Structure formats: C-alpha cells, structure tokens
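Trainee: The structure is given below, and queries will be raised subsequently.
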Amino acid sequence: MSLQSTMINGTEPSYDRTKDLKAFDERKTGVKGLVDEGKTSIPSIFVRPLNDRFKDLGTSHENLSVPIIDMSDVGKYGEATAKVAEQIIWASENWGFFQVVNHGIPLELLENMIEGAKMFHEQDDEIKKQFYSRDKSKVVTFNSNYDFYKSNAANWRDSLSVNTVNTGKVDPHELPLICKDVMLDYIHNIIKLGDTILMLLSMGLGLKPDYLKELESSKAWNLVCHYYPACPEPELTLGTSKHADASFITILLQDQIGGLQVLHHNQWVNVEPIKGALIVNIGDALQMVSNDKLKSVYHRVIAKTIGPRISIAFFFKGLIKSPKLYGPIKELISEEEPPLYRDFTLEEFLTHFVNRPLDQPGIDHFKLKNVGSKASKVSFLLSYCPTLTKRGVIALFLYSSFPFYV
C-alpha cells in the first residue's frame, strides 16, 4: 500500500513529513511545478487527515448567496449614502461577507489585474524563483502556503504576496516586472475603495464617517495574488483551509471559476462569481473593535479539477509597529453591552496570526475570559473614564459600592 493510500484510509503513516516539506520548498516551483510535471495524484503533504475530511460540514443546496450591494449612489446625496451604509451593516452583522457592484473601479482594470497575476505565476520558473522566500521581513515574496510548516496538510495553491505591514509602502522596483504597472494601478484604486467602505461602516455603526479610517487600517496592507492550479484529487485537499482573516477588512477580486465558500448557519455557501464585482469581508480586527457587532466569519476555497483559479486578496491590516492600542470602540460599549475583548497592539495581533496554523481560531486569544468579571469592568471604566488609572479603577471596584454590572 502506498503512503498516500495509507493516509487516505486514515491510518497513521510513519514518514518524515518535515523532510517532504523541505524537499518541496527547495524546488521553489510551487504547486504549479507539480502540475507541470503531469502529476496524476497529489503528494502526501497535501492530503488532509481523514478526521478533518469526516468533520467537513455540508455545502448548502438552497438558493443562498452573500448579499450584493450596489454602490452607484454613494456620495450622490446623504439619504442614498446612508441607505447603502445600512445595507453594508446588515450584511456585515448577518453574513460577514458581501459583494459590491458599481464600485467605481473599471472592469478593464479588474480583468487586467487577474491577467497580471496569472502571467506572474505562469512565467518562467527561473524568474519566479528570484521571489521565492519565507522571510516575513521582505515586502515581495512568492511561495506556497504561509503556514506550510505548521498546518496538518498543505493547501493546493501558490501565492505572490506584497506585504507592507512593516514599511507602510512598497518600492515599485521591488514588484515583478511582468505585472508591476497593473499592480500599482490596482493598489491605488483598491485603497480608495477600502476607505469608502470603512466610511460606510463607520456611518452604519453610528460613528463619525472617518472613525474607522482614523484607526489607520489602510496605512499598511497585504496584497496576495493566489494561483490555484487544477487538482487531480480535489476531494483530498483544499485550495485554502477554513479560516478568518487577520485584517480590518479584506477586498477580494476573483475570476469566474469559483470555489470560495463562506460558513453561514453551520453550512458552506458558495460565493458565486459576478463579473465586475468585488467581495468584501470583515476581518478579526474589526470584529474585535466593533465588540462583535460586525462578524468575521470562516471561509475557505475548495480545490477543483478545473483551473487555474485566480484570486487577488487585499488585506487592510495597519502598521505592525504602530504604538496605537486597539480594543472595543468606547461608543459601542455600555453597561448593557460590556467590552468582550481586551486591548491589543497590531504587532501582538498579527504575530499571533502568523504563528499558528491558518485553520485554528485566532480571535479567542483576545477575548476577556468572563464578561462581567473584574477585568472587563476595569476595561469598561477605563474606556469611559480615561482620566482614571487602572489602579484607581480597581480600588473603586474593591472598596466602594459602585453599581457595576454583573
């Protein structure tokens, strides 16, 4: 019996997985390199454990879809803009995902961006190898799976990443020549759209329009161009494992092949491609600062026998070295709705994300253990009474009859 057959049938194989991972990594040609060799089965490092496959939730066969929001009236007059803000808030509260149409970015640019990403991944291997790296300090990298050495099974995809969380900017000369121009144009447009969506979210939450933008989430970002080759055994692996995003918001451009699924009411729902649309989802950081009013939900990409599938994700993350302290927005908490999360820095938040497997929960790490506990009461009072010191609040709690919620 082959090693892969053993893994498929669920028995525990005795083999050096780390050795296989390193051998794959040293080739520097990614998943596409395997496909180019004509592989008719997937290597063992990509096979999901049998227990994981057994635990898979079903895919909805109902006529469900994430909300589709028309942005054509945004900015025309106040009432129309407020209506779009309400729609976005409803979608963010109930789905965590929505698609936007008439968003102002030309269809030609979207199509050129998809083509540019494809051209990068399909160019000569020797050129791509120059970008192959797992060094997180680099702005521009190409590799397969950022959590390659942490996950139980590798995902069937390759990725080109432009990550500015350390710098807040990218030198155009660092970008791959084959897609540099379209990438710069796309980045400029998508940041403008992201700021508009943050404005609408702020309005929908009852905050001043610039509130979420002033959290500086668009000061640094991560653009990732994913390439999902056709897979000979899609039932054994995934294109991207179940996960929630370590961002404030994410804006995704996908081609027409499909494969993205969102977890909704304990079932997977396909996010069907719409020509010219962009997908927006709430990230973990925004769920925490909104005190769970907005939802960061699990999503994944299934592997397919057709491909390649191209998607471009733009994560609004903020500068990792920002001294700013984040936590539930004080306007969104009260005695009736106390803070659910402790304060955190972006460095702690983003470091926690990259140091765990993609499919493991990240947001629980920042939850206050007991809402109504001393810790959450102190956090609440510090939010509403910034002149109080933490020591003063604790003393107030211990030695007075202050009417804390319970």
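Trainee: With the condition kept exactly as written, say whether any residue in the range 359-368 is out of contact with any strand residue (DSSP E or B) (no Cβ under 7 Å at 6 or more places or on another chain), open to solvent by 10 Å² or more (accessible area, probe 1.4 Å) and modelled with pLDDT of 95 or more.
Mentor: For the range 359-368, residues out of contact with any strand residue (DSSP E or B) (no Cβ under 7 Å at 6 or more places or on another chain), open to solvent by 10 Å² or more (accessible area, probe 1.4 Å) and modelled with pLDDT of 95 or more: absent.
Trainee: Listed residues TYR149, TYR186, TYR132; which is open to solvent by 60 Å² or more (accessible area, probe 1.4 Å) and touching a residue at least 60 places away in the same chain (Cβ under 8 Å)?
Mentor: The conditions single out TYR149.
Trainee: Continuing with the same structure: Between a first residue in the range 319-331 that is more than 8 Å from THR345 (Cα to Cα) and a second residue that is among the basic types (Lys, Arg), which pairs have beta carbons less than 6 Å apart while being 6 or more apart in sequence or on different chains?
Mentor: Correct list of pairs: LEU319/LYS219.
Trainee: ALA244 versus (1) under 16 Å from the mean Cα position of the chain (by Cα); (2) open to solvent by 10 Å² or more (accessible area, probe 1.4 Å); (3) among the hydrophobic types (A, V, I, L, M, F, W, C); (4) within 19 Å of THR141 (Cα to Cα): which is the lone unmet condition?
Mentor: The one condition ALA244 does not meet is (4).
Trainee: Being touching a Lys or Arg at 6+ places or on another chain (Cβ under 9 Å) and either open to solvent by 10 Å² or more (accessible area, probe 1.4 Å) or within 26 Å of ILE105 (Cβ to Cβ) (or both) is the filter here; which residues of the range 282-292 pass it?
Mentor: Answer for the range 282-292, where residues must be touching a Lys or Arg at 6+ places or on another chain (Cβ under 9 Å) and either open to solvent by 10 Å² or more (accessible area, probe 1.4 Å) or within 26 Å of ILE105 (Cβ to Cβ) (or both): ILE282, GLY283, ALA285, GLN287.
Trainee: May I pose another question? If I filter the range 53-74 for residues that are modelled with pLDDT under 95, farther than 30 Å from GLY206 by Cβ and part of a helix (DSSP H, G or I), do I get at least one hit?
Mentor: Yes.
Trainee: Quick check on SER322: is it at pLDDT below 95 and polar (S, T, N, Q)?
Mentor: yes
Trainee: So in the range 37-52, with the set limited to residues that are outside any helix (DSSP H, G or I) and touching a residue at least 24 places away in the same chain (Cβ under 8 Å), which one is surrounded by the fewest Cβ atoms within 10 Å (Cβ to Cβ)?
Mentor: Here the residue is THR40.
Trainee: Here's another thing I want to ask about it. Name the residue, out of ILE279, ILE274, that is touching a residue at least 24 places away in the same chain (Cβ under 8 Å) and open to solvent by less than 20 Å² (accessible area, probe 1.4 Å).
Mentor: Being touching a residue at least 24 places away in the same chain (Cβ under 8 Å) and open to solvent by less than 20 Å² (accessible area, probe 1.4 Å) holds for just one of ILE279, ILE274, which is ILE279.
Trainee: Please find, among GLU233, GLU214, the residue that is farther than 22 Å from GLU111 by Cα, free of Cβ contacts under 8 Å to residues at least 40 places away in the same chain and more than 18 Å from the chain's Cα centre (by Cα).
Mentor: Result of the check over GLU233, GLU214: GLU214.
Trainee: Still on this structure: Looking only at residues that are open to solvent by less than 60 Å² (accessible area, probe 1.4 Å), part of a helix (DSSP H, G or I) and not aliphatic (A, V, I, L, M) in the range 189-219, which one is farthest from VAL139 (Cα to Cα)?
Mentor: The selected residue is GLY204.
Trainee: Based on this model, can you work out whether ALA313 counts as open to solvent by 10 Å² or more (accessible area, probe 1.4 Å) and of a type outside the set (Asp, Glu)?
Mentor: No: the conditions fail for ALA313.
Trainee: Separate question: Tally the residues that are among the hydroxyl-bearing types (Ser, Thr, Tyr) and within 30 Å of THR196 (Cβ to Cβ), restricting the search to the range 57-79.
Mentor: Adding up the residues that qualify gives 3.
Trainee: Let me ask you something else. Does the range 76-95 contain any residue that is farther than 25 Å from PRO229 by Cα, open to solvent by less than 30 Å² (accessible area, probe 1.4 Å) and free of Cβ contacts under 8 Å to residues at least 12 places away in the same chain?
Mentor: Among the residues of the range 76-95, at least one is farther than 25 Å from PRO229 by Cα, open to solvent by less than 30 Å² (accessible area, probe 1.4 Å) and free of Cβ contacts under 8 Å to residues at least 12 places away in the same chain, which makes the answer yes.
The values are calculated or read from the model by the stated rules, or taken from the named source; none is laboratory data. Quick caveat: nothing in here was measured; it's all calculated off a predicted structure. When we count neighbours, we look across all protein chains shown, and the Cβ atoms used for this are built from the backbone with ideal geometry, even at glycine. We work out accessible area using only protein heavy atoms, side chains counted, and drop any ligands, DNA or RNA first. Shrake-Rupley method; radii C 1.70, N 1.55, O 1.52, S 1.80 Å.
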